[in-house]
1. Would you tally the residues in the stretch 222-236 being over 21 Å from G177 (Cβ atoms) and of a type in the set (A, V, I, L, M, F, W, C)?
2. Exactly one condition in (1) surrounded by fewer than 19 Cβ atoms within 10 Å (Cβ to Cβ); (2) in contact with a His (Cβ under 9 Å, 6 or more places away or on another chain); (3) modelled with pLDDT of 95 or more is not met by E429; state its number.
3. If you check every pair at least six apart or on different chains, which have Cβ atoms under 9 Å apart with a residue in the stretch 366-387 that is over 15 Å from V294 (Cβ atoms) and touching a residue at least 12 places away in the same chain (Cβ under 8 Å) first and a residue that is basic (K, R) and outside any helix (DSSP H, G or I) second?
4. How many residues are in a helix (DSSP H, G or I) and of a type in the set (S, T, N, Q) when one looks only at the stretch 553-583?
5. For the stretch 372-394, give me the residue count where each residue is at pLDDT 90 or above and more than 16 Å from S305 (Cβ to Cβ).
6. Looking at A523, is it of a type outside the set (S, T, Y), within 35 Å of the chain's Cα centre (by Cα) and assigned by TED's automatic domain parsing to the domain that holds P480?
7. Considering only residues of the stretch 325-360 that are in a loop (DSSP other than H, G, I, E, B) and of a type in the set (S, T, Y), which is nearest to the chain's Cα centre (by Cα)?
8. Among the residues of the stretch 170-180, what is the count of those that are surrounded by fewer than 24 Cβ atoms within 10 Å (Cβ to Cβ) and within 9 Å of R215 (Cβ to Cβ)?
Amino acid sequence: MCGIVGAVAQRPVSEILLEGLRRLEYRGYDSAGVALITQGSKLKRVRSLGKVAALTEKLAYEPIEGKVGIAHTRWATHGKPAEYNAHPHFSGEDLALVHNGIIENYVELRERLGELGYTFSSETDTEVATHLLDYHVKKSASLLKGMLSARQEFTGAYALAAVCADEPNTVVIARQGSPLIIGVGIGENFIGSDVQAMLPVTNRFIYLENGDVARVTLHKIEIFDAAGKAVERPIRESKLGDSSIDLGEYRHYMLKEIFEQPKAITATLEGRLAQHQVLSCLSGLNPMAVLAQVEEIQIIACGTSYHAGLIGRHWIETYTDIPCHVEVASEYRYRRQPKRKNLLLITISQSGETADTLAALEKVKQSQACLASLTICNVMESSLTRESDLSLMTMAGPEIGVASTKAFTTQLVALQLLLAALIQAQQGETPVSRQLVADLAQLPQLVQQVLALNPVIETLAERFVEKHHALFLGRGEQYPVALEGALKLKEISYIHAEAYPAGELKHGPLALVDSEMPIIAVAPNTALLEKLKSNLEEVRARGGELYVFACKTANLVPNEQMHVLELPPVPDLLAPIVYTIPLQLLAYHVAILKGTDVDKPRNLAKSVTVE
């Protein structure tokens, strides 16, 4: 959560910082602020409630200029969204700090700092961190030494960036758990939570490790590890183009990313399919030898990625004899795990920085309870990728919309590639693995066909504008698809939506069914179709109104109570991916009609880097 950007340059940086915040706004948009060291080494700050546009407007009336500064866009944790809680926070008039993450021991630190004479003007843990840093800076007469000392007292996950009027050409940063990256320029350097914030000014980046503290100046970058020892971190060149996050012809990022799915799926498959087999799709040491030894699989993930894991479990247990367990990372990390034999731990994350998933991975690594760890991730240099033994990269490209779309479908593609690799490693080439390859090759074209239904779905969405609740149904591997559809609708339209296995209707949800409760069902022509049809009849018998996304060959006849949108026939293995697309479009168009902020829904952020 939250976005940090900073700069040390030989030119004014206020517009660079603002552009960086605009690009980071997907991480949080409750409030925003900027602090610059101005001419004469004076520290000045402007903050505003709301999105970065409000800060931009305020700076137009209260302009400040400087060549060194830090900026922040906030997703509220401690303290409500308010200007006095916005970052940067000051200690006195000479030191400013921005912060992403949570300082878990802030209450004890606040009491101690109060006894030392510090006063507080906000409800945040960040102001506590600012005053503690000031205390150590005054003791050591150095911003860097102060940060090295202060970070020893923090408990929690955080990314910190600070400037001090007494050291006007310096930004000092620290990372523990939350991502923080240095952008390397020529005669200028930058810092940020994400490379996207810095792409307009550089494509060369240093990824800090956990425990790192760095001093960034015009011509020099010094990095110190958790033990305080000077270290070198490699400079990596990003292949992302600045144009990759442009909206282009689309009204919203979410719609753009929905329509980018054929391209993203093609990119994820590229170079990984041969005529009858999956080629090497995993990075790491001897991946096929590892897969050959796997006897059990544990998938951990959060949110949309968890739904991908549920579908992956169905595929793995249907087509192999390997038991597969799936659990939400925030639950998995806090319970005792039984010993398992030759366990492959799989983490799934779009950003690779999801705090609970990272913590769960660390827990398993410390216990040495698995054969190997594998991550399915969209960001090459993310923490999960670096911390895992093996990685399977999705090639979705940047996903800016908070509600995940192309990241989800490419995760499912990656899980199918992994399934094929597992089969090949343990059984050799089989009819199932050959069919997997043949099916995947036609997937981009099938997704393109479903996207052509967009105008019909846009019209269908009009029937949901006045609704306050919705129920999604699916059977087998389509139940997680229903879960994902419900999540999308609630995320961006604020309609309360739930999903159930269709067979569970009679065990409670039928009590909710009436003419005002729309029931959305996914109905590919699979072995469970006839069972699903019986469930749909249960809804009709109770006056419910059905919206069914069904295969053309399912023989579902529309009537006054049942609206049927027909999809092309698809192979069973591809159905969860293909049937996700219309649910994404439905959620998008309902949100548009309800007038919500599609790309930045209230109370949410894209990259969940706090617990």
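1. Within the stretch 222-236, residues that are over 21 Å from G177 (Cβ atoms) and of a type in the set (A, V, I, L, M, F, W, C) number 2.
2. It fails just one condition, (3).
3. M380/R236; M380/K239; E381/R236
4. Taking the stretch 553-583 and keeping what is in a helix (DSSP H, G or I), we get 553-554, 572-583.
Next cut, of a type in the set (S, T, N, Q) only: 553, 580.
Count: 2.
5. Result for the stretch 372-394: 3.
6. yes
7. Within the stretch 325-360, the match that is nearest to the chain's Cα centre (by Cα) is S351.
8. 1
The values are calculated or read from the model by the stated rules, or taken from the named source; none is laboratory data. If you're wondering where the values come from, they're calculated on a predicted model, not measured in any experiment. Neighbour counts are summed over all protein chains in view; Cβ atoms, including those assigned to glycine, are modelled from backbone coordinates with ideal geometry.
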